[in-house]
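Colleague: Dumping the structure here so I can ask a few things about it.
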Amino acid sequence: MGNTKPITAAPVLSDRVRVNGVETPVTFTAEEGILRWRENCLSIEKEVLGITVEGSKIKIRAIKENDGGGIICCGGNTGGTVRRRSYNLEMLSEDSLRIWSQKLHEFIDSLGRPKRLFVFVNPYGGKRSASKIFIDSVKPLLDDANIDYTVQETKYQLHAKEVAKSLDILRYDGVVCVSGDGILVEVVNGLLEREDWDSAIKMPLGVVPAGTGNGMAKSLLDAVGLPCTASNATLAIIRGHKQSLDVATITQGQNRFFSVLMLAWGLIADIDIESEKYRWMGSARIDYYAIQRIFRLRRYNGCIKFVAAPGYETFGEPADPEGETISEVKSSFAQHKGYCGPALQMKDFNRKIEGPFVSVWLHNVPWGGEDTLAAPDAKFSDGYLDLVMIKDCPKLTLLSLMTELSKGGHVKSPHVLYFKVKAFVLEPGTQLDDGSKEGIIDVDGEVLARGKGTYKSNYKTLMTYDKLYIKVNQGLATVFSPSTIS
């Protein structure tokens, strides 16, 4: 059997194996999780996806930075191109085969990686490329990692939410969304509307960028300096690192919506939603319509009230305590079986800013899309939302600010107020120049409310164009992430 040494007796397992017909020494350092033979050195945690036993051989499936061999994988764990590689170590005895396969599997199991995943694929989102992205970039890596998965293509809007509400969560170690941000938002809302929401929302959620807006995937990957690619996102899921994520509860009467990305009212919402009429232009529609909106700038009457985060208490003006009590805000949820959101103490809303406004933008994560660094200081689980607000701004300056969005430079402008809030009340009003027209409230890329005279104002929405309450529940959800980030 050679000089095999069990890990329990010493940190190093060593033996001789046959590789391509040539006998060679091999070592495994359990403490570091490093496997070495000849010129090869593999980190189990960072590079090894999975291990299988085939006859007398241990087959190791891994990823390595592009070295001219193996099967290419788009995007890598260090920002460069990586390739899927396969290595065969032929053991010289049955005892060696048993001990090595056992110890390597034990080490992989100790990493807490997911073994069973439920995967949503949205074939209709973005460039309708999600199915191809799953087949080309996601499936091969999951297969290499020996992960069992169930795939569900979404058929219509809110399909993922319906599935999440009834999913047998005990069967899975995570839910993955191969889509833009929309499917993730549906899943979060579905989990929080369950009777067992408190355990359901602990299910780790993974996001693979495959849509128009990939703000969550971009935020998670960029936080550790990785490009926003499907393979980088999939590798983060496979490795099993997890990160808490704040969830904002938006309430109005008996209606509630759970947001994980952003809320926009004013210029940003108008550009995001109204540019759909130019969808035939592709991604250029956003820039094209932004120029239109800036040179025909709308300002909106209204008022915002908020509970400022520590260090931001001087923003705005003092606000008189509202007459509403916590019971009035919460009582409408008695009929709901799911999560009702955190309690609202109206007396805490002690700051306010009166309109008119050009734009009000609340963000939970830094990136609103792959090229929009909306809130550079936003954290995933700090218990706050980042407020980016413009009350007034010259049109040419505003046009210049829009070009700064890709780098986050807009928040440094004297025309932009940027600070953190724990809770928020939005009281939207009419357009300053036309009191017969109101605005659009955009949450996580979808229309939450449309006012009179707006684009598609006859369409039904979840809420009305009226007062909204928003409060954050710190770290309520869990997402797979490249590493633990704040």
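The values are calculated or read from the model by the stated rules, or taken from the named source; none is laboratory data. Nothing here was measured: the structure is a model prediction, and the numbers come from that model. Every residue, glycine among them, receives a Cβ derived from its backbone with ideal geometry; neighbour counts consider all protein chains shown. Please note that ligands, DNA and RNA were not included when accessible areas were found on the heavy atoms of the full protein model with its side chains. Shrake-Rupley method; radii C 1.70, N 1.55, O 1.52, S 1.80 Å.
Colleague: For the chain, what relative contact order do you get, as a whole percent, if you take Cα pairs closer than 8 Å and at least 6 residues apart? Working shown, then result.
Modeller: Details: 1103 pairs, mean separation 74.0, N = 486.
It rounds to 15 percent for the chain.
Colleague: Sticking with this one: If you take the square roots of the eigenvalues of the alpha-carbon gyration tensor of the range 437-486 and sort them as a ≥ b ≥ c, do you get rounded (a/c under 1.5), prolate (a/b over b/c) or oblate?
Modeller: Working: a/c = 3.80, a/b = 2.53, b/c = 1.50.
Taking the square roots of the gyration eigenvalues as a ≥ b ≥ c, the range 437-486 is prolate.
Colleague: Please get the size of the charge dipole for the range 174-296, origin at its Cα centre, with Cβ charges of +1 on Lys and Arg and -1 on Asp and Glu, quoted in debye to the nearest 20.
Modeller: For the range 174-296, the charge dipole is close to 280 debye.
Colleague: In whole angstrom, note down how far apart the Cα centers of the range 360-411 and the range 436-462 are.
Modeller: Here the answer is 22 Å between Cα centres.
Colleague: Taking the Cβ-Cβ separation of SER199 and SER86 as r and a Förster radius of 35 Å, what is the calculated FRET efficiency to the nearest 0.05?
Modeller: Calculated value: 0.35.
Colleague: Over the Cα atoms of the range 145-198, each weighted equally, I'd like the Debye log10 I(q)/I(0) at q = 0.18, 0.30, 0.31 Å⁻¹, rounded to two decimals.
Modeller: The computed values of log10 I(q)/I(0) come out as -0.59, -1.37, -1.42.
Colleague: Given q = 0.17, 0.19, 0.28 Å⁻¹, what are the Debye log10 I(q)/I(0) values for the range 119-175, with equal point scatterers placed on the Cα positions and solvent ignored?
Modeller: Cα-only, vacuum Debye calculation for the range 119-175: -0.63, -0.76, -1.19.
Colleague: In angstroms, what radius of gyration and Dmax does the chain have, counting Cα atoms only?
Modeller: 25.6, 87
Colleague: Then there's this: Can you pick out the pairs among LYS127/LYS456; LYS155/LYS460; LYS165/LYS347; LYS59/LYS218 whose Cα atoms lie more than 31 Å from each other? The partial results should precede the final answer.
Modeller: Working: LYS127/LYS456 23 Å; LYS155/LYS460 20 Å; LYS165/LYS347 34 Å; LYS59/LYS218 33 Å.
Pairs exceeding 31 Å: LYS165/LYS347; LYS59/LYS218.
Colleague: Using Cα atoms only, what is the angle between the long axis of helix 181-192 and the major principal axis of the chain, expressed in degrees (0 to 90) to the nearest 10?
Modeller: It works out to around 90 degrees.
Colleague: Sticking with this one: Specify, per residue and in Å³, the volume enclosed by the convex hull of the alpha carbon atoms belonging to the range 403-486. The partial results should precede the final answer.
Modeller: Working: hull volume 15.6 nm³, N = 84.
Convex hull volume per residue, Cα atoms: 185 Å³.
Colleague: What is the angle, in °, between the Cα long axis of helix 284-295 and the longest principal axis of the Cα atoms in the chain? Nearest 10 is fine, range 0 to 90.
Modeller: 30 degrees
Colleague: Another one. Using the Cα centre of the range 171-289 as origin and beta-carbon charges of +1 (Lys, Arg) and -1 (Asp, Glu), tell me which of PHE258, VAL188, PRO204 is placed farthest towards the positive end of the dipole.
Modeller: Ranked along the dipole, the leading option is PRO204.
Colleague: Next up: Holding the Cα-Cα limit at 29 Å, pick out from LYS337/LYS422; LYS115/LYS420; LYS391/LYS471 the pairs that are longer than that. Don't skip to the end; give the middle numbers.
Modeller: Details: LYS337/LYS422 25 Å; LYS115/LYS420 38 Å; LYS391/LYS471 23 Å.
Flagged as over cut-off: LYS115/LYS420.
Colleague: What dipole magnitude, in Debye to the nearest 20, does the range 258-302 give about its Cα centre under +1 on Lys/Arg Cβ and -1 on Asp/Glu Cβ?
Modeller: Values: 7 positive and 5 negative charges, 35 e Å.
It works out to roughly 180 debye.
Colleague: By how many degrees, 0 to 90 and rounded to 10, does the Cα axis of helix 230-239 deviate from the longest principal axis of the chain?
Modeller: Rounded to the nearest ten degrees, it is 70.
Colleague: Summing -39500 (n - 2.57) over the DSSP H runs of n ≥ 4 in the chain and dividing by its residue number, what mean residue ellipticity at 222 nm do you reach, to the nearest 500 deg cm²/dmol?
Modeller: Values: 12 runs with 103 residues, N = 486.
After summing the helix terms and dividing by the residues of the chain, the value is -6000 deg cm²/dmol.
Colleague: Quote the charge dipole size of the chain about the Cα centre in Debye, to the nearest 20; the model charges only the Cβ of Lys and Arg (+1) and of Asp and Glu (-1). The partial results should precede the final answer.
Modeller: Details: 59 positive and 59 negative charges, 146 e Å.
Value, rounded to 20: 700 debye.
Colleague: Taking all protein chains as present, what is the carbon and sulfur share of the accessible area of the range 372-429, in % to the nearest whole number, probe 1.4 Å?
Modeller: Values: 1280 of 2260 Å².
After summing per-atom areas, the C and S share lands at 56 percent.
Colleague: I would also like to ask the following. According to the square roots a ≥ b ≥ c of the eigenvalues of the Cα gyration tensor, what is the shape class of the range 189-298, taking rounded for a/c under 1.5, prolate for a/b larger than b/c otherwise, and oblate for the remainder? Intermediate results must be reported in sequence, preceding the final value.
Modeller: Values: a/c = 2.67, a/b = 1.34, b/c = 1.99.
In terms of gyration-tensor shape, oblate.
Colleague: Can you tell me how the range 73-211 classifies by the Cα gyration tensor, rounded, prolate or oblate, using a/c under 1.5 as the rounded cut?
Modeller: Details: a/c = 2.87, a/b = 1.57, b/c = 1.83.
It comes out oblate by the Cα gyration axes.
Colleague: Let me ask something additional. Heavy-atom accessible area per residue, the chain, 1.4 Å probe: how many Å²? Please list the in-between numbers first.
Modeller: On the way: 20770 Å² over 486 residues.
For the chain, the per-residue accessible area is 43 Å².
Colleague: At a 10 angstrom cut-off on C-beta neighbours, averaged per residue, how do the peptides 250-259, 211-220 rank from highest to lowest?
Modeller: Values: 250-259: 19.7, 211-220: 26.5.
Put in order of decreasing packing, that is 211-220, 250-259.
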